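A short worksheet on the structure shown next.
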Amino acid sequence: MSLKARIQEDVKSAMRAGEKEKLAAIRMLTAAIKQREVDERIELDDAQVLSVIEKMSKQRRESIAQFKAGGRADLVAKEEAELALLSAYLPAQLGDAELDAMIAEAITATGAASIKDMGKVMAAIKAKAAGRADMGAVGARIKARLSN
């Protein structure tokens, strides 16, 4: 079953169960997927659906930080619930050791020697870690590794 089909099934089950908050969050996800399909005039595959979910997750994390800074606990709770729901569709996140090993492998494979080669390393990592790691944090690790 494709990821998109699984999301559609979850919409149906949330409707049957009467879970209004979950249903609203899943509908927001399906709307984002449909919007991208309409904008690009394509049918999204699982990798592209994952990128939509990652983008929405990143937006939720940024919103949570902003709402915490503003003292809005009610909105923080709402965003955290949506983030938890979105995270359920993402593959298991890479651990620190796995990520460090992947970065070391990419650095040797690309022959990166300085911070100027960071783009090559990021491209190699992005292909392998799509949906399984926060690319912002990965970039910071690569930068620290290449700066030494």
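Using the number of other C-beta atoms within 10 angstrom as an exposure proxy, rank Asp96, Asp117 with the fewest first.
Numbers: Asp96 9, Asp117 15.
By the 10 Å Cβ count, ascending, the order reads Asp96, Asp117.
Do any of Lys55/Lys128; Lys22/Lys126; Lys20/Lys126; Lys12/Lys55; Lys58/Lys120; Lys4/Lys68 go past 28 Å between their Cα atoms, and which?
Numbers: Lys55/Lys128 17 Å; Lys22/Lys126 30 Å; Lys20/Lys126 35 Å; Lys12/Lys55 24 Å; Lys58/Lys120 23 Å; Lys4/Lys68 32 Å.
Pairs exceeding 28 Å: Lys22/Lys126; Lys20/Lys126; Lys4/Lys68.
Compactness of the range 96-147, taken as the C-alpha radius of gyration over 2.2 N^0.38 Å, stands at 0.97. Stretched out straight at 0.36 nm per residue, the stretch from Ala127 to Ile115 would grow longer than its current Cα-Cα span by 2.4 nm.
R0 = 41 Å: FRET efficiency of Ser2 with Lys68, Cβ-based, nearest 0.05?
0.70
If a paramagnetic tag sat 7 Å from the Cα of Val11 along the Cα-Cβ line, which residues of the range 33-49 would have the backbone N under 14 Å from that point? Once the point is set 7 Å along Cα→Cβ of Val11, 33-38, 44 turn out to lie under 14 Å by backbone N, inside the range 33-49. Convex hull volume per residue, computed on the Cα atoms of the range 3-87, equals 86 Å³.
One way to sum up the overall shape of the chain is the equivalent ellipsoid from its Cα gyration tensor, whose semi-axes run 33, 20, 13 Å, largest first.
The numbers here are math on the coordinates, done by the rules we state, and not lab data. All figures in this text were calculated on a predicted structure; none of them were measured in a lab. Note that each Cβ is placed from the backbone with ideal geometry, even for glycine, and that neighbours are counted across all protein chains shown.
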